[in-house]
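Engineer: Pasting in a structure now, in structure tokens, and then I'll have a few things to ask.
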Amino acid sequence: MPSAPATPDTGGSIPDDVTAEQDRFRSSLTRTIEDFLAEQREVLAGISDESLPLISSIATLTRGGKRMRALLCYWGWRAAGGSPSASAPVVAGTALEFFQAAALIHDDIIDRSDTRRGRPSVHRQFTARHSDAGWHLDPERFGVSAAILAGDLCLAFSEELFTASCPDAPGGAARTIFNRMRTEVMAGQYLDLLEEAVGPDQAPAVAEERALNILRFKSAKYSMERPLMLGGALAGADDGLLRAYSAFALPLGEAFQLRDDVLGVFGDPEVTGKPAGDDLREGKRTFLVARALGSSGSKARAGINAMLGDTSLDDAGVAMLRGLIIESGALAHTERLIADKSEEAFSALAGLGIDAVSRRALHLLAEAAVTRTA
């Protein structure tokens, strides 16, 4: 993929300023997450010590990570004139971290994923707890049910924290963006589930358009666009700046998710933390897959549809399916689309009327998002 456009020379101190500022924010974010979970641990302990595994599973999932959504929220705040030392973007960023945790927990259940970030997914952790204890009834059902509750708890935490981040403007622009983001993700997740159920029974061009719509609402908006806009709105950004944020962050989010779809098929499991070909076994009808079906002959198309979603697909089957996708030209086309959307995002960033440190920070985050390997 072509590299991102070169960043204008804005002074040698700016990268150091970005690093120092982001490190301070990340430290504050981590402390806020840990302090909040400690408070919630006490709440659950007051109910029953037996409920504490809910908090433990959430704590494991929220530990570490790239903090990309929270960082976008911070730089959206900062570029709109917000103070670097304010608590609002930290608390709002924490709310985004818990919202993402909820999305990951529920997504892993829907996709029947065994791992997340190189560790057992939350529903698998609870399944193992049931099996190890030798409890009665079905351990799989217990695991899924407990994980649903853990995800719901993350949603409740997210709402509580976001409300705390903007107590003086409960009905303002930030609240509208936060509410819309949650609705978009749930609708996008449902459309993704529906696409797997509909399967091959649609025209290839329609399948591609539907796949792009799913990635836009299930991931692109909540991963990039909404966090940046949320930070800006908390700092009082006007509609013009929020639209400019969207012009940059939405194509970036789409490129980010397209990259994720490529990694889901071609990524190195040692780097991604997920088994090779998991997206193929799960039957995910991504843009990459839709493009492969639309660009293949009838025999290859039948082969892709026959193997896609086969949970027993072995390494040889994964390799064969990858080969069909490459031969169709879908991988090359998706890489070009990532490059086009990345260029659109970087061009919009160049036109943003913001300070040099914030621009450099957003450029670095954008670069990492579209060139990542995990």
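Engineer: Pull up region 115-165, narrow it to residues that are in a helix (DSSP H, G or I) and charged (D, E, K, R), then point me to the one that is surrounded by the fewest Cβ atoms within 10 Å (Cβ to Cβ).
Structural biologist: Just the residues of region 115-165 that are in a helix (DSSP H, G or I), to begin with: 122-133, 139-165.
Filter again for charged (D, E, K, R), leaving 124, 129, 132, 140-141, 152, 159-160.
Details: R124: 21, R129: 16, D132: 9, E140: 14, R141: 11, D152: 14, E159: 16, E160: 14.
Looking at residues that are in a helix (DSSP H, G or I) and charged (D, E, K, R), I get D132.
Engineer: Is it true that some residue in region 335-352 is among the hydrophobic types (A, V, I, L, M, F, W, C) and either modelled with pLDDT under 95 or open to solvent by 60 Å² or more (accessible area, probe 1.4 Å) (or both)?
Structural biologist: Going through region 335-352, the residues among the hydrophobic types (A, V, I, L, M, F, W, C) turn out to be 337-339, 345-346, 348-350, 352.
After this cut, where a residue has to be either modelled with pLDDT under 95 or open to solvent by 60 Å² or more (accessible area, probe 1.4 Å) (or both) as well, the list is 350.
Yes, region 335-352 contains at least one residue that is among the hydrophobic types (A, V, I, L, M, F, W, C) and either modelled with pLDDT under 95 or open to solvent by 60 Å² or more (accessible area, probe 1.4 Å) (or both).
Engineer: Right, something else. Taking the condition of being farther than 29 Å from L280 by Cα and open to solvent by 20 Å² or more (accessible area, probe 1.4 Å), how many residues in region 358-374 meet it?
Structural biologist: Filtering region 358-374 for residues farther than 29 Å from L280 by Cα gives 358-364.
Going one step further and asking which of them are open to solvent by 20 Å² or more (accessible area, probe 1.4 Å), we end up with 359-360, 364.
Total satisfying the criteria: 3.
Yes/no per residue for (1) outside any loop (DSSP other than H, G, I, E, B); (2) open to solvent by less than 40 Å² (accessible area, probe 1.4 Å); (3) under 13 Å from F157 (Cα atoms):
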site: I33; (1), (2), (3): yes, yes, yes
site: L37; (1), (2), (3): yes, yes, yes
site: R41; (1), (2), (3): yes, no, yes
site: L61; (1), (2), (3): yes, yes, no
site: L71; (1), (2), (3): yes, yes, no
site: W75; (1), (2), (3): yes, yes, no
site: S85; (1), (2), (3): no, no, no
site: V90; (1), (2), (3): yes, yes, no
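Engineer: Out of the residues in region 267-292 meeting the condition of being in a helix (DSSP H, G or I) and over 17 Å from L212 (Cβ atoms), tell me which one is least open to solvent (accessible area, probe 1.4 Å).
Structural biologist: So the first thing to find is which residues in region 267-292 are in a helix (DSSP H, G or I), and the list is 269-272, 278-281, 287-292.
Those left that are additionally over 17 Å from L212 (Cβ atoms): 269-272, 278, 280-281.
Working: P269: 54, E270: 162, V271: 70, T272: 36, D278: 23, L280: 2, R281: 40 Å².
Only one residue tops the list, namely L280.
Engineer: A further question on this structure: From G231, G236, G264, which residue is open to solvent by less than 10 Å² (accessible area, probe 1.4 Å) and either touching a residue at least 60 places away in the same chain (Cβ under 8 Å) or touching a helix residue (DSSP H, G or I) at 6+ places or on another chain (Cβ under 9 Å) (or both)? Before you say what the answer is, go through the steps one by one.
Structural biologist: Details: G236 fails: open to solvent by less than 10 Å² (accessible area, probe 1.4 Å); G264 fails: open to solvent by less than 10 Å² (accessible area, probe 1.4 Å).
Answer to the check: G231.
Engineer: Sticking with this structure for a sec: Test R41 against the criterion of being modelled with pLDDT of 95 or more, over 28 Å from E344 (Cα atoms) and in contact with a helix residue (DSSP H, G or I) (Cβ under 6 Å, 6 or more places away or on another chain), and give yes or no.
Structural biologist: Numbers: modelled with pLDDT of 95 or more: yes; over 28 Å from E344 (Cα atoms): yes; in contact with a helix residue (DSSP H, G or I) (Cβ under 6 Å, 6 or more places away or on another chain): yes.
Against the criterion (modelled with pLDDT of 95 or more, over 28 Å from E344 (Cα atoms) and in contact with a helix residue (DSSP H, G or I) (Cβ under 6 Å, 6 or more places away or on another chain)), R41 qualifies.
Engineer: Further question: Got a number for residues in region 239-261 being over 25 Å from A86 (Cα atoms) and either hydrophobic (A, V, I, L, M, F, W, C) or open to solvent by less than 50 Å² (accessible area, probe 1.4 Å) (or both)? It would help to see each step written out before you state the result.
Structural biologist: First, pick out the residues of region 239-261 that are over 25 Å from A86 (Cα atoms): 247, 250-261.
Applying the additional criterion that residues be either hydrophobic (A, V, I, L, M, F, W, C) or open to solvent by less than 50 Å² (accessible area, probe 1.4 Å) (or both) yields 247, 250-259, 261.
Residues meeting the conditions: 12.
The values are calculated or read from the model by the stated rules, or taken from the named source; none is laboratory data. Not measured: the values here are computed from a predicted model. Cβ coordinates were reconstructed from backbone atoms using ideal geometry, including for glycine residues, and neighbour counts include every protein chain displayed. Just the protein is used for accessible areas: all its heavy atoms, side chains included, with ligands, DNA and RNA removed. Shrake-Rupley method; radii C 1.70, N 1.55, O 1.52, S 1.80 Å.
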